[in-house]
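Notes follow once the structure below has been shown.
The values are calculated or read from the model by the stated rules, or taken from the named source; none is laboratory data. None of the values given here were measured: they were computed from a predicted structure. A quick note on method: Cβ atoms are made from the backbone with ideal geometry, for glycine too, and the neighbour counts reach across all protein chains shown. Please note that ligands, DNA and RNA were not included when accessible areas were found on the heavy atoms of the full protein model with its side chains. Shrake-Rupley method; radii C 1.70, N 1.55, O 1.52, S 1.80 Å.
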Number of protein chains: 2
Amino acid sequence: MFKSYNIVCMKQDKEVTIYDIADYLNISAATVSRGLKDHPTINKKTKKKILEAAQKLGYRSNAFASNLRTKQSKTIGVIVPRLNSYFMSTVIAGIESIANEEGYQLIISQSQEDEQKEAANAITLFNSRVDGIMVSLAANTKTTDHFKPFLEKNIPIVYFDRVVETPDSLTISIDNYKAAFEVTQHLIDKGCKRILHLGGNVNRNVYADRLAGYKAALKQAGLPTPDNLVFFSNLSEDAGVEAANYINNLKQKPDAVFSANDTCAAYCMIRLKQLGYKIPGNFLFAGFNNDPISKVVEPNLTTIAYPGYPMGQIAATHLINHLKGIADISSTNSVLLRHELIVRASTQK
Amino acid sequence: MFKSYNIVCMKQDKEVTIYDIADYLNISAATVSRGLKDHPTINKKTKKKILEAAQKLGYRSNAFASNLRTKQSKTIGVIVPRLNSYFMSTVIAGIESIANEEGYQLIISQSQEDEQKEAANAITLFNSRVDGIMVSLAANTKTTDHFKPFLEKNIPIVYFDRVVETPDSLTISIDNYKAAFEVTQHLIDKGCKRILHLGGNVNRNVYADRLAGYKAALKQAGLPTPDNLVFFSNLSEDAGVEAANYINNLKQKPDAVFSANDTCAAYCMIRLKQLGYKIPGNFLFAGFNNDPISKVVEPNLTTIAYPGYPMGQIAATHLINHLKGIADISSTNSVLLRHELIVRASTQK
DNA sequence: TTAAAAAATGCAACCGATTGCAAAATATTT
DNA sequence: AAATATTTTGCAATCGGTTGCATTTTTTAA
């Protein structure tokens with residue numbers, strides 16, 4: 001009794017397949033398959049009939065069957081340190097816009113800034129047979145061995161923002177060295193002689209390059225770079241507060257602060273103001289990222305703007321073009337996007 | 001020549017299947033299949049052999065074949081208005097954390113606040129046979145007809161934050177009415193008599209409820225609610241500036257502003273300060289969301305905090321439990337999360 | 001009108017994992 | 001040692017779309 005009822009239910013739920021369409025039109029499934037994907041050898045009239053029948057019967061194609069047969073998933077994997085930062089979510093929005101347009105799905109995962117989790121996510125993506133991956137590395141990632149399986153299977157990898165130069169994969173970023181140099185030079189031009197840098201994990205190119213650019217600018221200006229003028233942290237809000245306390249305790253105070261991100265800069269400024277300092281009176285301040293808070297914090301923060309949304313779009317476009325065979329990723333090694341120094345009140349004496 | 005070379009290449013790339021493992025161990029593929037998924041009827045020793053062989057041969061399971069056969073994708077679709085807002089990316093981070101833990105993949109798409117695109121995304125997700133979807137509605141979405149196909153196929157839907165009450169699906173949100181009431185009451189308690197509201201699209205529950213809560217509080221206090229004390233917009237940065245200009249042009253100025261989000265509140269404040277007003281001197285200010293900028297803008301903004309990350313986790317947990325058959329979604333109608341009034345300097349006279 | 005060329009369609013074997021049911025192997029009980 | 005019960009394993013069909021090659025149909029040329 002129940003069984004037969006169930007069967008009826010199943011029948012109702014039953015998916016329409018190309019075989020159903022074939023039966024309905026008295027043609028073969030092969031023709032239907034070809035007709036649905038606009039194969040050139042199928043007669044236009046037949047195509048039209050097929051499309052109409054598909055519509056009428058409520059057909060939807062089964063990607064699993066197709067993927068199984070064709071061995072491609074039309075899916076791109078994305079690994080980022082964190083989703084919920086303004087910059088990252090903007091990049092991902094850019095990626096999504098292109099992927100969506102091109103009929104690719106996105107599988108997004110977070111490494112939470114942890115190499116272990118990054119590796120685990122990589123395995124998951126590998127096992128779900130993504131056609132390609134896009135990666136922004138975790139802060140503590142030392143090796144990229146966990147991406148080897150992809151390379152071995154010729155699954156393309158695009159690194160963005162937090163990149164690592166490798167012969168086989170494309171990197172998309174800005175010239176962090178140059179940008180940091182420009183920021184530092186800007187502070188020097190304003191007459192600063194003791195510029196403190198709030199640095200991130202130098203494992204990552206973005207922070208290493210910013211540090212290097214900062215040092216290079218100082219060196220070129222003939223300014224010393226004592227160790228106690230660089231304060232390393234994870235650049236969080238709390239780190240900004242700590243940095244402020246650190247500065248407060250320095251015997252010889254800096255006259256400017258260049259932070260490797262805006263969040264840390266903003267919270268450092270806020271804390272310093274609490275401690276009675278004036279900005280830009282006592283310290284000029286510059287950040288990096290052009291985060292929304294940079295134009296809300298007081299004084300508005302001088303910073304480096306660089307385009308997250310386009311970065312995502314460019315990364316996705318390169319990857320998809322490679323997948324489509326239009327352009328080969330390995331022909332290009334890296335793409336550098338433009339950045340821009342945005343001067344605001346925090347560096348106006 | 002080339003052909004045979006190609007074949008060799010293919011062979012190398014060839015994926016290891018359960019059949020290869022079966023051949024290798026001289027057992028059947030059925031046993032391997034069962035062994036790999038810890039089926040109870042398989043001998044432990046056999047299991048061990050299978051696992052070892054799988055390891056050694058570099059086997060990875062083919063989800064397409066499995067999905068094709070089992071007719072489930074282990075994938076959840078997500079549709080949000082925008083990825084790159086602090087709140088949304090935080091919710092998604094929460095969703096991801098649970099999905100990842102439970103072995104589900106996420107497919108994320110953006111409606112860009114547009115009903116058409118929302119519908120298109122829905123179709124895409126439907127065709128990729130997600131096991132369930134999680135939706136936060138676009139601002140201009142009028143009907144939820146585009147989700148009907150899911151309901152017809154018994155694919156569960158969870159709405160979060162920007163929800164719509166329906167008999168068949170679960171909604172997860174906060175009590176926006178009550179929260180807005182509390183904010184308004186707080187302003188009234190501070191002695192405000194003319195409180196202006198910056199409202200969003202009342203199509204969406206979040207903005208309609210916030211407006212209603214605001215009005216209810218005024219009414220209860222016996223205060224009038226003239227139409228010109230509500231300024232509707234998309235609550236963007238620009239809208240905040242416009243709102244400030246609007247206020248500046250009002251003959252009878254308000255003594256407080258309650259904005260339906262923090263972004264709009266912050267930019268409204270900034271613009272008003274530019275125009276020479278003092279905050280909280282001339283106007284008390286309150287926002288909604290506890291966005292990062294709310295504690296950076298000066299004065300720090302009184303606002304409503306509500307938990308994005310947990311909201312994502314809860315939404316994902318409910319959906320997955322439903323999919324696993326542990327709990328039925330339709331038994332619960334809606335889940336309300338706790339919110340909290342955070343009083344900051346912008347409402348301290 | 002017939003032969004040849006071109007266009008359209010069909011056959012059937014995949015892709016790889018799953019699972020109901022039957023069969024074989026092993027364990028337990030008389 | 002035979003009979004029964006219990007574990008393990010295997011057979012074979014299935015999921016639905018794809019595609020090389022063969023076949024049929026239609027068009028063009030002779």
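Entry note, the protein assembly as shown: the mean residue ellipticity at 222 nm calculated from DSSP H runs of n ≥ 4, each adding -39500 (n - 2.57), is -14000 deg cm²/dmol after division by the residues and rounding to the nearest 500. What the Cα atoms of the protein assembly as shown give is an Rg and a Dmax of 28.6, 91 Å. Cα gyration tensor of region B:189-258, axes a ≥ b ≥ c as square roots of the eigenvalues: rounded (a/c below 1.5), prolate (a/b > b/c) or oblate? The shape class here is oblate. Within chain A, DSSP assigns beta bridges of which about 10% are antiparallel (rounded to the nearest 5).
Taking the 1.4 Å solvent-accessible surface of the protein assembly as shown as the whole, the part contributed by carbon and sulfur is 51%. Counting only heavy atoms of the protein chains and using a 1.4 Å probe, A:Val343 has close to 60 Å² of accessible surface.
B:Leu250 exposes around 20 Å² of accessible area when a 1.4 Å probe is run over every protein chain in place.
Taking a straight Cα-Cα cut-off under 16 Å and skipping sequence neighbours fewer than 8 places away in the same chain, the lysines within cross-link reach of B:Lys142 are B:Lys117. Is the C-alpha gyration tensor of region B:1-149 telling us rounded, prolate or oblate? Criteria: a/c under 1.5 is rounded; beyond that, a/b larger than b/c is prolate, otherwise oblate. Prolate, because a/c is 1.5 or more and a/b exceeds b/c. Neighbours of A:Asp168 by Cβ distance under 15 Å: Lys/Arg scored +1, Asp/Glu scored -1, total -2. Sorted shortest first, the separations between the B:Glu340 label point and its copies elsewhere in the assembly read 3.9 nm; each point sits 7 Å from Cα along the Cα-to-Cβ line.
With all protein chains kept in place, the per residue accessible area of the protein assembly as shown amounts to 46 square angstrom at a probe of 1.4 angstrom.
Charge tally around A:Leu106: other residues with Cβ under 13 Å, Lys/Arg +1 each, Asp/Glu -1 each, net -4. List every residue whose amide H lies under 5 Å from the amide H of A:Ile107, counting only residues 5 or more places away in sequence or on a different chain, with H placed 1.01 Å from N in the peptide plane. The answer is A:Ile76, A:Gly77, A:Val78.
In the assembled protein chains, B:Cys192 presents an accessible area of approximately 0 Å² (probe radius 1.4 Å).
Per-residue Karplus couplings for region A:82-97, computed as 6.51 cos²θ - 1.76 cosθ + 1.60 with θ equal to phi - 60°, are listed in order as 8, 7, 8, 10, 4, 4, 5, 5, 5, 4, 5, 4, x, 4, 4, 4 Hz, Gly and Pro entered as x. Per residue of peptide A:121-130, the mean number of Cβ atoms on other chains within 10 Å of the residue Cβ is 3.
Each other copy places its own label point for A:Asn127 at 2.9 nm from this one, sorted shortest first, where the point lies 7 Å along the Cα-to-beta carbon line. Comparing A:Tyr214, A:Asn100, B:Gly276 along the charge dipole axis of the protein assembly as shown, the residue lying farthest to the positive side is A:Asn100, per the Cβ-charge model.
Determine the shape class of chain A: with a ≥ b ≥ c the square roots of the Cα gyration tensor eigenvalues, call it rounded for a/c under 1.5, and otherwise prolate if a/b is greater than b/c, oblate otherwise. In terms of gyration-tensor shape, prolate. Between A:Ser28 and A:Asn127, the C-beta separation translates, for a Förster distance of 35 Å, into a calculated FRET efficiency of about 0.50. The angle separating the long axis of helix B:308-324 from the principal Cα axis of greatest extent in chain B is about 40 degrees.
Calculate how steeply helix A:176-189 sits against the longest principal axis of the alpha-carbon atoms of chain A, using the helix alpha-carbon long axis, and give the answer as 0 to 90 degrees to the nearest 10. That works out to roughly 30 degrees. Legend: distances between Cα atoms for B:Lys251/B:Lys295; A:Lys273/B:Lys278; A:Lys45/A:Lys71; pairs beyond 22 Å are B:Lys251/B:Lys295; A:Lys45/A:Lys71. Any idea what angle helix A:2-13 forms with the longest principal axis of chain A, computed on alpha-carbon atoms, 0 to 90 degrees, nearest 10? Value to nearest ten degrees: 70.
To the nearest hundred square angstrom, how large is the accessible surface buried between A and B, total for both chains, probe 1.4 angstrom? Between A and B, the summed buried area is about 4500 Å². For the protein assembly as shown, the Cβ-based charge dipole about the Cα centre amounts to some 660 debye (Lys, Arg positive; Asp, Glu negative; other atoms uncharged). Label-point spacing for A:Ala30 across the identical copies (point 7 Å from Cα in the Cβ direction), in nm and ascending order: 3.2. Rounded to whole numbers, the Karplus 3J(HN,Hα) couplings from phi for region B:62-73 are 9, 5, 5, 4, 5, 4, 4, 6, 8, 6, 9, 9 Hz, using 6.51 cos²θ - 1.76 cosθ + 1.60 with θ = phi - 60°, and x at Gly and Pro. If both residues of a DSSP beta bridge must be in the protein assembly as shown, then about 10% of such bridges are antiparallel.
Shown in residue order for region A:29-37 are the 3J(HN,Hα) couplings computed by the Karplus curve 6.51 cos²θ - 1.76 cosθ + 1.60 at θ = phi - 60°: 4, 4, 5, 4, 4, 5, x, 5, 10 Hz (x for Gly and Pro). These residues, B:Thr75, A:Thr332, go from largest to smallest accessible area, 1.4 Å probe, as A:Thr332, B:Thr75. As a calculated quantity, the FRET efficiency between B:Gln55 and A:Asp328 at R0 = 41 Å, using C-beta atoms, amounts to about 0.75. Across chain B, C-alpha contacts under 8 Å between residues 6 or more apart give a mean separation that, scaled by the residue count, equals a relative contact order of 16 percent.
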